[in-house]
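Read through the structure below, which is laid out as structure tokens, and then see the notes.
The values are calculated or read from the model by the stated rules, or taken from the named source; none is laboratory data. Every value quoted in this text rests on a predicted model; they were computed, and no experiment measured them. Backbone-built Cβ (ideal geometry, glycine too); neighbour counts: all protein chains shown.
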Amino acid sequence: MGDCGTGYHGKHLKAAIDYIKASEKTDGGRLVGGINCQPDFAYERMKSTKVKFGKTDKRQAYHFIISFGEGEVDDDTAFEITQRFAKEYIGNEYEVVFSVHNNTDHKHGHIIFNSVNMVNGKKYRYEKGDWAKYIQPLTNRLCEEYGLSTIDISADGKGINERYKDWNPYRDGKFIWKDMVMRDVYSCIVQASTYDSFLELMEEKGYTIKQGKHMAVMMPGMKRYMRIDTWGSEYTKERITERIREESIADYKPQKERSQPKIVYCKFTRYKRAKLTGLQKKYFAKLYRTGKLKKKSYSQAWKYRDDIKKMHKLHAQYTFLSKYGIKDIEELNDRWQVLDDKRKSINREISRVRRGEKASEKLFKALEKIDELSESENCYIRGDDFFKEEHEQYVQPSDEIKNQGYTVDEIRSLKEHYKNKYAELRSMLKDVKKQLKIADEIIREENEKSERSIEEVREEKQTKERDKQPQK
């Protein structure tokens, strides 16, 4: 169990949260959870709490790491332990986001929680000795429940890993210092953007650093310096510098500037036009025979209004048949059925969106009230008591949203989501209906032609029979 540093600057908090939620490290986001906030909105909730109580400076959050031995625990158990630790140690008065990273041999849980209490606005204080007094005993109890190794806590707060109890005190002490120092080195690599900032973060944790051919560190309480490059090739200065580039949480910050796209290579292949099917030829021939392939001048369009409408209709029908490669009336009927099923599916999705929107209607009305009174509220905050009545009206919808476990920004985002989703579905439905209309027109025309052909055959047969009859 380790604390990942003395604090985050505000600009780093979002990057830190994004880092522990990284999809490639958390089984596609499955191993991510939150307390008092949705993980996707954790930063916004924490920031909102800080602004509410006027505590946006100094330490922004705390970051704990729970490390598990190689092969000692599966993903779900590690996630359950991390979640239980967060609930029992941090409680229900802080916004918390937690995750398990399973992309390395040693699974480890990450916990980030707001430094400001969301109920009373007080800042969390990590006192010296809390690790031995509260944190490690809780970790040990949880590990014992799951049959995992624990760490003994002595009177001075030093721990000895159970798997090494049979070692002599010198070796036990050396091991546990190494274990803790390795965790601190890892956490600083994650936070650092350069090798120099890595050294600064180590010093902030209380380490004294010797630099030369080999880097050595010493923590208060250690009897001598410890060389970290003796741990293996991953801990040389060169490799640490590389790991900072590979693992830095700065990599998860949104890009402010994007380089202009450049065409570096372009290749194209010429394709011969596909041969037209029978049904396609028929509609192409209609366009050709009526001279509509070459549009008439629109300077006298009023003279050709009906012709132009007919041309657009034929062009739409021909494009429809070509788009779906329809060869005969059977395939046309099949395509109609597919489009009709799609229409029904979109209508069901629209109904689902409408139900979701209806369920949040009270929250959306509260948001509208907040927006309506926002200017008055700003004046009241600046000291204008003239708007006291509006302020009281503003507090009610704000509390209503808060009591439902949301922030104003989250409700605004949810409303925008429903609006965009509904517009997208309406656009899809409009396109499907348009294609269904074209298919209906073609089917009707083909059926009419078929009926006329049958009638013509019947009349021709009757004419022949009459001709065969002897004249009187």
Q. Out of all the residues in segment 300-314, is one or more within 24 Å of residue 429 (Cα to Cα) and either touching a residue at least 24 places away in the same chain (Cβ under 8 Å) or not in a helix (DSSP H, G or I) (or both)?
A. yes
Q | First in segment 13-33 and on the phi > 0 side of the Ramachandran plot and crowded, with 17+ Cβ neighbours inside 10 Å, second anywhere and at pLDDT below 90 and part of a helix (DSSP H, G or I), Cβ under 6 Å, 6 or more apart | A | none
**Q.** Members of segment 43-83 that are assigned to a loop (DSSP other than H, G, I, E, B) and aliphatic (A, V, I, L, M)
**A.** 73
Q | Residue match in segment 423-440 (condition: among the β-branched types (Val, Ile, Thr), surrounded by 12 or more Cβ atoms within 10 Å (Cβ to Cβ), assigned to a helix (DSSP H, G or I) and in contact (Cβ under 8 Å) with a residue 60 or more places away in the chain) | A | yes
**Q.** Matching entry among 467, 399, 409 (being farther than 30 Å from residue 34 by Cβ, part of a helix (DSSP H, G or I) and of a type outside the set (S, T, N, Q))
**A.** 467
Q. Within segment 301-321, how many residues are surrounded by 14 or more Cβ atoms within 10 Å (Cβ to Cβ) and modelled with pLDDT under 70?
A. 3
Q | Members of segment 197-240 found to be among the hydroxyl-bearing types (Ser, Thr, Tyr), out of contact with any strand residue (DSSP E or B) (no Cβ under 7 Å at 6 or more places or on another chain) and buried (at least 16 other Cβ atoms within 10 Å of the Cβ), listed by number | A | 235
Q: Say whether the condition of being crowded, with 22+ Cβ neighbours inside 10 Å, assigned by TED's automatic domain parsing to the domain that holds residue 142, of a type in the set (Ser, Thr, Tyr) and in contact with a strand residue (DSSP E or B) (Cβ under 8 Å, 6 or more places away or on another chain) is met by at least one residue in segment 57-67.
A: no
Q | residue 387 in the same structural domain as residue 428 (by TED's automatic domain parsing) and either modelled with pLDDT under 85 or at positive phi (or both) | A | yes
**Q.** Single residue of 411, 443 found to be in contact (Cβ under 8 Å) with a residue 40 or more places away in the chain, within 20 Å of the chain's Cα centre (by Cα) and in the same structural domain as residue 341 (by TED's automatic domain parsing)
**A.** 411
Q | Residue ID - modelled with the lowest pLDDT, chosen from residues in segment 84-133 that are in a loop (DSSP other than H, G, I, E, B) and β-branched (Val, Ile, Thr) | A | 104
Q.
If I go through segment 46-96 residue by residue, how many of them are under 14 Å from residue 35 (Cα atoms), under 25 Å from the mean Cα position of the chain (by Cα) and among the small types (Gly, Ala, Ser)?
A. 1
Q: Run down 298, 324 and say which single residue is aromatic (Phe, Trp, Tyr) and at pLDDT 80 or above.
A: 324
